[in-house]
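Below: the structure, in structure tokens.
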Amino acid sequence: MRGYLTDPAAAAGLRLTDGLPEPDPAPDEFVLAVRAFVLNHDELNLIRRRPDGWRPGQDVAGEVLRAAADGSGPAEGSRVVVRLEQGGWAERIAVPAHTAAVLDPGVSFEQAATLPIAGVTALRALRHGGSVLGAEVLVTGATGGVGQFAVQLAAASGARVTAQVSSPERAGDAYESGAHQVVTRLDQLPGLGPFQLVLDGIGGPRLADAVRLLAPQGAAILYGNIGGPTALSISDFYAQGWNGRLIGLISGNPDASMATDLTLLVRLVAAGRLNPRIGLVQDWERTADALTALARRELRGKAVLTLPAAQPTCRTGYREPLLDHQV
Ligand SMILES: NC(=O)c1ccc[n+]([C@@H]2O[C@H](COP(=O)([O-])OP(=O)(O)OC[C@H]3O[C@@H](n4cnc5c(N)ncnc54)[C@H](OP(=O)(O)O)[C@@H]3O)[C@@H](O)[C@H]2O)c1
């Protein structure tokens, strides 16, 4: 079977091999024929940290090739999306039946594969703010994988969303996601905030800026520190965020609650209320190129890698994904 292994001597630290063993499912696991997977920022780090034959791949959509022997989970032929710990960048993989979300007919494999890490992290971060109806919400890194979903979900929940983006060129993307206001920096902007909720995946000095913009008893949810460590002190809360909270969010391991949240997101996509921004779709043999583009910050949306169908499939009802550029 074909699939990817880490190999420090190969491009982007990754080698496609045809020597992998076929999946050997436990009774409560089904065999998935992978049709699309996406890249997440943290996978760049994982590939670096686990260089010796580790099998990457967490966000995957595909068709159930063989249902679980114990009868649980989706039936053969079902189209599903799953969040895995590893191993999803392969033709086939065994998946615990209770972790899968079945796709609505209108949701493509490409769209679905964007949801597990980025979509679920945004959803769970937003939930920490409670009801955001009418609230001022700040999303940093708003055109990133998680950020784009955070903006869309917060706006769909009735918040007034301020999006922080890395450059003016990214502003249009953030407005398209539903942001009400877009900024490139958080300091020296009179009138900005206060925010009842901050969703931050960047950290660094920007997080300290964001804390100074917190409303009294507001919450800052930290899910990443792509911009480095943050120096923070109580004086940052004295600005206005008295008794504010900082929450370190870990989006969670694959389990039944992951399937529940994935099902919610799939339904929002099917209803046209959530539009995964996809910046690149290409054949999975070009995964190394896509990883390089992600590392260089060249993408404007999620990178999706696709695999050919293992068997004839019904494609009725598919909607075209939103593409910024297609390779
Ligand atoms: N805690 C969890 O469970 C969890 C889950 C998912 C992700 N994460 C973490 O969250 C972070 C973001 O993940 P992601 O998948 O959304 O990444 P992503 O798709 O690469 O997006 C990153 C965003 O941050 C901006 N950015 C990148 N490098 C930056 C820097 N040095 N300084 C300031 N801004 C920078 C990017 O701007 P451009 O658009 O200009 O590139 C983009 O808007 C990562 O650290 C990831 O590991 C954590």
- Just for segment 154-181: of the residues that are of a type outside the set (A, V, I, L, M) and crowded, with 24+ Cβ neighbours inside 10 Å, which one is nearest to G201 (Cα to Cα)? Q164
- Message: Given the condition part of a helix (DSSP H, G or I), under 22 Å from T17 (Cβ atoms) and β-branched (V, I, T), answer yes or no: does some residue in segment 288-300 qualify?
- Response: yes
- Item | Residue in segment 86-97 that is farther than 30 Å from P25 by Cβ, under 19 Å from the mean Cα position of the chain (by Cα) and surrounded by fewer than 22 Cβ atoms within 10 Å (Cβ to Cβ) present | no
- Query: Can you find even one residue in segment 267-277 that is assigned by TED's automatic domain parsing to the domain that holds E85, surrounded by fewer than 15 Cβ atoms within 10 Å (Cβ to Cβ) and modelled with pLDDT under 95?
  - Reply: no
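Residue-by-condition table, conditions (1) away from the ligand (no atom under 16 Å from the Cβ); (2) under 30 Å from R296 (Cα atoms); (3) not assigned by TED's automatic domain parsing to the domain that holds T287:
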{"residue": "L14", "(1), (2), (3)": "yes, yes, no"}
{"residue": "P21", "(1), (2), (3)": "yes, no, no"}
{"residue": "P25", "(1), (2), (3)": "yes, no, no"}
{"residue": "D28", "(1), (2), (3)": "yes, no, no"}
{"residue": "V34", "(1), (2), (3)": "yes, yes, no"}
{"residue": "N40", "(1), (2), (3)": "no, yes, no"}
{"residue": "P51", "(1), (2), (3)": "yes, yes, no"}
{"residue": "D70", "(1), (2), (3)": "yes, no, no"}
- Considering residues of segment 18-39 that are small (G, A, S) and not in a loop (DSSP other than H, G, I, E, B) only, the residue surrounded by the fewest Cβ atoms within 10 Å (Cβ to Cβ): A33
- Just one of V183, V211 is within 21 Å of D173 (Cα to Cα) and of a type in the set (V, I, T); which is it? V183
- Does A171 satisfy being within 13 Å of the ligand (Cβ to nearest atom), of a type in the set (G, A, S) and either at pLDDT 95 or above or assigned by TED's automatic domain parsing to the domain that holds L264 (or both)? yes
- Task: State yes or no: is V151 in a helix (DSSP H, G or I) and either surrounded by 23 or more Cβ atoms within 10 Å (Cβ to Cβ) or small (G, A, S) (or both)?
- Result: yes
- Task: Specify which of the listed residues (N253, N243, N275) is within 12 Å of the ligand (Cβ to nearest atom), out of contact with any His (no Cβ under 7 Å at 6 or more places or on another chain) and farther than 20 Å from G204 by Cα.
- Result: N253
- Message: I'd like to check which strands (runs of 3 or more DSSP E) are fully inside segment 188-266 and have at least 1 residues that are exposed (fewer than 12 other Cβ atoms within 10 Å of the Cβ) and at pLDDT 95 or above.
- Response: 214-222, 245-248
- Message: Let me spell it out: the conditions are (1) more than 30 Å from F30 (Cα to Cα); (2) within 15 Å of the ligand (Cβ to nearest atom); (3) out of contact with any Lys or Arg (no Cβ under 6 Å at 6 or more places or on another chain), and V137 meets all of them except one. Which number is the exception?
- Response: (2)
- Could you list, in sequence order, all residues of segment 68-91 that are assigned to a loop (DSSP other than H, G, I, E, B) and within 17 Å of D104 (Cα to Cα)? G73, P74, A75, E76, G77, S78
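The values are calculated or read from the model by the stated rules, or taken from the named source; none is laboratory data. Bear in mind that the values here come from a model prediction, so they are computed numbers and not experimental data. Every residue, glycine among them, receives a Cβ derived from its backbone with ideal geometry; neighbour counts consider all protein chains shown.
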